[in-house]
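Take a look at the structure below.
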Amino acid sequence: MHALKKNRPFRRIMLASAATVSGVVMLLTLKPHTAPESVSVTAPAPSSSSSASGSGTVKGSKTVTGESVQTRWGPVQVRITVVDGKITDVTAVTYPQENPRDQQINAYAIPQLRSEALAAQSAEIDTVSGATYTSDGYRQSLQSALDSAGL
(Lines give C-alpha, C1' and ligand atoms only; values in the text may rest on other atoms or scores of the structure.)
Protein backbone atom coordinates (compact mmCIF):
# COMPACT_ATOMS: atom_id res chain seq x y z
CA MET A 1 0.00 0.00 0.00
CA HIS A 2 1.20 3.49 -0.84
CA ALA A 3 2.52 5.67 1.99
CA LEU A 4 -0.14 8.37 1.52
CA LYS A 5 -3.02 5.90 1.42
CA LYS A 6 -2.45 4.72 4.97
CA ASN A 7 -4.29 6.34 7.81
CA ARG A 8 -1.87 9.21 8.20
CA PRO A 9 -3.90 12.36 7.63
CA PHE A 10 -1.23 14.53 9.24
CA ARG A 11 1.26 13.60 6.50
CA ARG A 12 -1.25 14.51 3.77
CA ILE A 13 -2.03 17.81 5.49
CA MET A 14 1.67 18.68 5.77
CA LEU A 15 2.36 17.86 2.10
CA ALA A 16 -0.65 19.86 0.91
CA SER A 17 0.37 22.81 3.11
CA ALA A 18 3.96 22.72 1.87
CA ALA A 19 2.80 22.62 -1.75
CA THR A 20 0.42 25.54 -1.16
CA VAL A 21 3.11 27.64 0.54
CA SER A 22 5.56 26.87 -2.28
CA GLY A 23 3.00 27.93 -4.88
CA VAL A 24 2.20 31.18 -3.07
CA VAL A 25 5.90 32.02 -2.69
CA MET A 26 6.48 31.44 -6.42
CA LEU A 27 3.51 33.66 -7.33
CA LEU A 28 4.71 36.45 -5.05
CA THR A 29 8.19 36.45 -6.57
CA LEU A 30 6.88 37.14 -10.09
CA LYS A 31 7.66 40.63 -11.30
CA PRO A 32 4.85 41.97 -13.51
CA HIS A 33 5.62 44.25 -16.41
CA THR A 34 4.90 47.79 -15.25
CA ALA A 35 3.13 50.08 -17.65
CA PRO A 36 4.54 53.55 -18.20
CA GLU A 37 3.09 56.05 -15.77
CA SER A 38 2.03 58.46 -18.46
CA VAL A 39 2.50 58.33 -22.17
CA SER A 40 1.70 61.38 -24.18
CA VAL A 41 1.79 60.91 -27.89
CA THR A 42 0.92 63.67 -30.26
CA ALA A 43 0.39 62.64 -33.82
CA PRO A 44 1.84 65.13 -36.27
CA ALA A 45 -0.50 66.17 -39.02
CA PRO A 46 0.17 64.48 -42.32
CA SER A 47 2.08 66.72 -44.66
CA SER A 48 1.92 66.36 -48.36
CA SER A 49 3.37 67.94 -51.42
CA SER A 50 2.01 66.04 -54.37
CA SER A 51 -0.19 66.32 -57.37
CA ALA A 52 -2.49 63.60 -58.63
CA SER A 53 -2.79 62.84 -62.31
CA GLY A 54 -5.99 61.78 -64.02
CA SER A 55 -4.93 58.11 -64.07
CA GLY A 56 -5.03 57.84 -60.26
CA THR A 57 -1.27 57.48 -59.76
CA VAL A 58 0.41 59.85 -57.35
CA LYS A 59 3.11 62.03 -58.88
CA GLY A 60 5.66 63.96 -56.88
CA SER A 61 6.75 63.44 -53.31
CA LYS A 62 4.50 62.93 -50.33
CA THR A 63 5.20 62.25 -46.65
CA VAL A 64 2.37 60.83 -44.58
CA THR A 65 2.25 59.81 -40.92
CA GLY A 66 -0.04 56.93 -40.02
CA GLU A 67 -2.27 56.78 -36.99
CA SER A 68 -0.74 55.97 -33.63
CA VAL A 69 -1.71 52.41 -32.73
CA GLN A 70 -1.83 51.53 -29.04
CA THR A 71 -0.33 48.09 -28.35
CA ARG A 72 0.03 46.16 -25.13
CA TRP A 73 3.52 47.58 -24.57
CA GLY A 74 3.01 51.09 -25.93
CA PRO A 75 2.11 53.11 -29.02
CA VAL A 76 3.47 52.43 -32.51
CA GLN A 77 3.38 55.02 -35.28
CA VAL A 78 4.87 54.95 -38.78
CA ARG A 79 5.70 57.69 -41.32
CA ILE A 80 6.11 56.91 -45.00
CA THR A 81 7.58 58.84 -47.90
CA VAL A 82 6.06 58.21 -51.31
CA VAL A 83 7.72 59.35 -54.54
CA ASP A 84 5.83 58.87 -57.82
CA GLY A 85 3.50 56.29 -56.25
CA LYS A 86 6.31 54.19 -54.74
CA ILE A 87 7.20 53.91 -51.04
CA THR A 88 10.78 55.13 -50.76
CA ASP A 89 11.12 55.39 -46.98
CA VAL A 90 9.39 54.04 -43.89
CA THR A 91 10.24 55.44 -40.48
CA ALA A 92 8.98 54.29 -37.09
CA VAL A 93 8.12 57.57 -35.38
CA THR A 94 6.93 56.04 -32.11
CA TYR A 95 7.46 52.54 -30.75
CA PRO A 96 7.84 50.90 -27.31
CA GLN A 97 11.21 51.72 -25.75
CA GLU A 98 10.36 52.26 -22.09
CA ASN A 99 12.60 49.51 -20.72
CA PRO A 100 15.72 47.62 -21.80
CA ARG A 101 13.72 44.61 -23.03
CA ASP A 102 11.56 46.82 -25.30
CA GLN A 103 14.72 48.46 -26.62
CA GLN A 104 16.33 45.09 -27.27
CA ILE A 105 13.31 43.67 -29.08
CA ASN A 106 12.68 46.74 -31.21
CA ALA A 107 16.36 47.22 -32.07
CA TYR A 108 16.08 44.21 -34.36
CA ALA A 109 12.32 44.28 -35.12
CA ILE A 110 11.97 47.84 -36.48
CA PRO A 111 14.69 47.49 -39.18
CA GLN A 112 13.22 44.15 -40.30
CA LEU A 113 9.71 45.60 -40.50
CA ARG A 114 11.04 48.59 -42.47
CA SER A 115 12.87 46.46 -45.02
CA GLU A 116 9.83 44.19 -45.47
CA ALA A 117 7.54 47.19 -45.98
CA LEU A 118 9.88 48.66 -48.60
CA ALA A 119 10.15 45.31 -50.38
CA ALA A 120 6.39 44.58 -50.27
CA GLN A 121 5.32 48.15 -51.09
CA SER A 122 2.29 47.45 -48.89
CA ALA A 123 1.29 46.67 -45.32
CA GLU A 124 1.18 42.95 -46.07
CA ILE A 125 4.36 42.15 -44.15
CA ASP A 126 5.34 39.28 -41.91
CA THR A 127 5.34 39.47 -38.13
CA VAL A 128 8.80 39.56 -36.57
CA SER A 129 9.23 36.65 -34.18
CA GLY A 130 9.39 37.90 -30.60
CA ALA A 131 7.90 41.28 -31.51
CA THR A 132 4.30 40.36 -32.27
CA TYR A 133 2.68 43.40 -30.67
CA THR A 134 5.11 45.84 -32.29
CA SER A 135 4.66 44.10 -35.65
CA ASP A 136 0.87 44.30 -35.43
CA GLY A 137 0.95 47.99 -34.46
CA TYR A 138 3.51 48.74 -37.19
CA ARG A 139 1.35 47.00 -39.80
CA GLN A 140 -1.80 48.90 -38.72
CA SER A 141 -0.07 52.28 -38.67
CA LEU A 142 1.57 51.55 -42.02
CA GLN A 143 -1.81 50.69 -43.54
CA SER A 144 -3.23 53.93 -42.14
CA ALA A 145 -0.40 55.92 -43.74
CA LEU A 146 -0.87 54.10 -47.06
CA ASP A 147 -4.59 54.84 -46.98
CA SER A 148 -3.89 58.52 -46.30
CA ALA A 149 -1.39 58.62 -49.14
CA GLY A 150 -3.94 57.10 -51.50
CA LEU A 151 -1.99 53.90 -52.16
For this session: Looking only at region 100-120, count how many residues are in contact (Cβ under 8 Å) with a residue 12 or more places away in the chain and either touching a Ser or Thr at 6+ places or on another chain (Cβ under 8 Å) or open to solvent by less than 60 Å² (accessible area, probe 1.4 Å) (or both).
Result: 9
Problem set entry | Meets criteria (open to solvent by 10 Å² or more (accessible area, probe 1.4 Å) and aromatic (Phe, Trp, Tyr)) for Tyr95 | yes
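From Lys59, Lys86, which residue is modelled with pLDDT under 85 and open to solvent by 80 Å² or more (accessible area, probe 1.4 Å)?
Matching residue, one of Lys59, Lys86: Lys59.
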Seminar exercise, completed: Taking region 123-143 and keeping residues open to solvent by 30 Å² or more (accessible area, probe 1.4 Å) and either out of contact with any strand residue (DSSP E or B) (no Cβ under 6 Å at 6 or more places or on another chain) or among the acidic types (Asp, Glu) (or both) leaves Glu124, Asp126, Thr127, Ser129, Gly130, Thr132, Asp136, Arg139, Gln143
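So which residues in region 78-92 are among the aliphatic types (A, V, I, L, M) and either more than 16 Å from Gly150 (Cβ to Cβ) or touching a Gly at 6+ places or on another chain (Cβ under 9 Å) (or both), if there are any at all?
Result: Val78, Ile80, Val82, Val83, Val90, Ala92.
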For this session: Quick one: count up the residues across region 6-49 that are under 29 Å from the mean Cα position of the chain (by Cα), surrounded by 10 or more Cβ atoms within 10 Å (Cβ to Cβ) and modelled with pLDDT of 50 or more.
Result: 1
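The values are calculated or read from the model by the stated rules, or taken from the named source; none is laboratory data. Everything numeric here is computed off the predicted structure, so don't read it as measured data. Note that we place each Cβ from the backbone using ideal geometry, even for glycine, and neighbour counts take in every protein chain shown. All accessible areas refer to the heavy atoms of the entire protein, side chains included, with ligands and DNA or RNA removed. Shrake-Rupley method; radii C 1.70, N 1.55, O 1.52, S 1.80 Å.
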